[in-house]
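A short reminder: the numbers here are calculations on the coordinates, not readings from a lab. Since the model is a prediction, treat every value here as computed from it, not as a measurement. Neighbour counts run over all protein chains shown; Cβ positions are idealised from the backbone, glycine included.
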Amino acid sequence: MASMFFYGTLCDMDMLEIVLGRSRDTIDVVDAQLADHAVYWAIGQNYPVIVPQTGSVARGIYVTDLSVRDVSRLDYYESGFVYEPQDVVIKTKLGERTVSVYACTDMDYVSDRVWDLTDWQDRYGIMMRAAGAELMEHFGYKTADEIDPKYPMIEARAYSLQLAQQATDTSVEQGAGDRVIEVISKTPAYTNFFAVKDYQISHRKFNGEMSPVLERAVFVGTDASLVLPYDPVLDTVLLIEQFRMGPFGRGDQNPWLYEPIAGMVDQGETPEQTAHREAMEEAGLSLTKLIPMYNGYPSPGGSSTYFYQFLGLCDLSAFRQNTQSHGHADEGEDIRPVSVSFDWAFDFVMSGKCRVVPLTAAILWLDHYRRIGTTD
């Protein structure tokens, strides 16, 4: 049996349960100290780094009786952080113990901010536990080398979960009784830029009974901000045109579409910040004001994707139609901004030629506000 000293995210018992795959009731934990070491935040990251520092004391936990499988799961979790186990001597109420600790030898990772577990739990706890849970679902099925490149999108999906759980519940739907949903099983069917999860669930029905076990699949995306730029002086809107895999996969004869500006809400961003960032990236456009339109699920029957949609007031007088490509070339983006009159956009929607439902909704929303004489 092995034993280890944890000083960072694994001092969070919920995370430790996720990584080891067993209840905290079965995990032997003792408070511990490592002399002449200190723990700092990694630069630009949401995890810590432990470094030698004379006179300092790193506080953490000593976990005993780790099985071979426990250590394999820990190695799997830690692989993406480029840490390696090292032997150290810690002090506990049981006396001194020689144990392993996951440490990083690259000092370029070390910031000058002292690590704080409570701060991490408040800011990142929900997201990182969700990311850890999705990562560990692949233990025994995919190697660490296979799953590590996919971790940034795992974390992005986890951030969407955090946004959902932290949002105020403003829904008017009553749900069914106590809204009980029992998850019998959850299996990762596919993980890459997006993910697909297979579920077996039972939920409360409106008559109060529980449903039979249902087999369902969920396409797991991320939260995204959409913005329709609008110049109220010129009465023009800006659309973007780009190739889209969805229509291509369906067999559409023309998989290039007009859309609102859109992008994934990155970790730590608000949807408003995303809207401003994406307007600059996809159209080189600075927005003067954002007006919330609506938030919601574009396809709730099988997708977790959630949209925040805005009207973006702007000045399009200097905009010139050209063939310049926008977006991130390293991400394969090839985006053409197009300025059109509102009348053209409205006819485009009402004639049935618009194939992007969020754009249809945005144009109809704008039409309503133009008719009542305000965009405030």
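Among the lysines, which have Cα under 20 Å from the Cα of Lys186 when same-chain residues fewer than 8 positions away are ignored?
Once the sequence-local lysines are set aside, what remains near Lys186 is Lys142, Lys150, Lys197.
Please list, ordered by chain and number, the residues whose modelled amide H lies under 5 Å from the amide H of Ile240; skip anything fewer than 5 residues away on the same chain.
Correct list: Glu259, Ile261, Val338.
Can you tell me the relative contact order of the stretch 163-264? Whole percent, Cα pairs under 8 Å, sequence separation 6 or more.
On the way: 149 pairs, mean separation 18.7, N = 102.
Reported relative contact order: 18 percent.
Taking the mean number of other Cβ atoms within 10 Å as a proxy for protection, how do you rank 27-39, 242-254, 148-160, 288-300 from highest to lowest? Display every interim value, and only then the final one.
Working: 27-39: 17.1, 242-254: 11.2, 148-160: 18.9, 288-300: 13.5.
Packing proxy ranking, top to bottom: 148-160, 27-39, 288-300, 242-254.
Test of understanding: ordering Trp344, Trp115 by Cβ neighbours within 10 Å, fewest first, what list do you get?
Ordered from fewest to most neighbouring Cβ atoms within 10 Å, Trp344, Trp115 come out as Trp344, Trp115.
Which order do Ser317, Ser79 fall in if you start with the one that has the fewest other Cβ atoms within 10 Å?
Final ranking by Cβ density, sparse to dense: Ser317, Ser79.
Going by how many other Cβ atoms sit within 10 Å of their own, how do Phe346, Phe6 line up, fewest first? All intermediate terms of the calculation are to be shown ahead of the outcome.
Details: Phe346 17, Phe6 22.
In increasing order of surrounding Cβ atoms, one gets Phe346, Phe6.
Which entry in (1) 32, 61, 7; (2) 23, 46, 27, 4; (3) 28, 54, 17, 1 matches P(r) over Cα pairs in 20 Å bins from 0, in percent derived from the coordinates of this structure?
Computed from the coordinates, P(r) over Cα pairs in 20 Å bins from 0, in percent corresponds to (2).
Using θ = phi - 60° and the Karplus form 6.51 cos²θ - 1.76 cosθ + 1.60, what ³J(HN,Hα) does each residue of the stretch 43-51 get, whole Hz, x for Gly and Pro?
Per residue, the Karplus-derived 3J(HN,Hα) values read 4, x, 10, 10, 9, x, 10, 9, 9 Hz.
Using amide H atoms built in the peptide plane, which far-off residues or other-chain residues are under 5 Å from Gln267 H to H?
Placed amide hydrogens put nothing under 5 Å from Gln267.
For the stretch 223-371, how big is Rg over Rh, using alpha carbon atoms and the Kirkwood form of Rh?
The Rg/Rh ratio comes out at 0.93.
For the chain, what relative contact order do you get, as a whole percent, if you take Cα pairs closer than 8 Å and at least 6 residues apart?
11
Give me P(r) over the stretch 172-221, computed from all C-alpha to C-alpha distances, binned every 10 Å, as integer percentages.
25, 40, 28, 7
Sorted from largest to smallest, which semi-axis lengths in Å does the alpha carbon gyration tensor of the stretch 170-294 give for its equivalent ellipsoid, taking the root of 5 times each eigenvalue?
Listed largest to smallest, the semi-axes of the stretch 170-294 are 37, 21, 15 Å.
Below 8 Å, C-alpha to C-alpha, sequence gap of six or more: please give me the relative contact order for the stretch 99-229 in percent. Intermediate results must be reported in sequence, preceding the final value.
Numbers: 131 pairs, mean separation 23.7, N = 131.
This gives 18 percent for the stretch 99-229.
How big is the dipole moment of the stretch 172-221 about its Cα centre under a simple scheme where the beta carbon of each Lys and Arg is +1, that of each Asp and Glu is -1, and everything else is neutral? Debye, nearest 20, please.
Roughly 80 debye for the stretch 172-221.
Could you order peptides 137-143, 276-282, 225-231, 362-368 by the average number of other Cβ atoms within 10 Å of their residues, highest first?
Descending packing order for the listed peptides: 225-231, 276-282, 362-368, 137-143.
Give the long-range amide H neighbours of Ala38: residues separated by 5 or more places, or on another chain, with amide H under 5 Å away, using H modelled in the peptide plane at 1.01 Å from N.
Distant-sequence amide H within range of Ala38: Val51, Gln53.
Using each residue's phi in the stretch 300-311, evaluate 6.51 cos²θ - 1.76 cosθ + 1.60 at θ = phi - 60° and report the 3J(HN,Hα) Karplus result to the nearest Hz, with x for Gly and Pro.
Rounded to whole hertz, the list is x, x, x, 10, 8, 4, 10, 10, 10, 10, 10, 8.
Taking Lys289 as the anchor, which aspartates and glutamates have their alpha carbon closer than 13 Å to its alpha carbon, excluding any fewer than eight residues away along the same chain?
Partners found: Asp231, Glu272, Asp315, Asp376.
Restricting to DSSP H runs of at least four residues, report the calculated mean residue ellipticity at 222 nm for the chain, -39500 (n - 2.57) per run over all residues, nearest 500 deg cm²/dmol.
Using -39500 (n - 2.57) per qualifying helix, the result is -8500 deg cm²/dmol.
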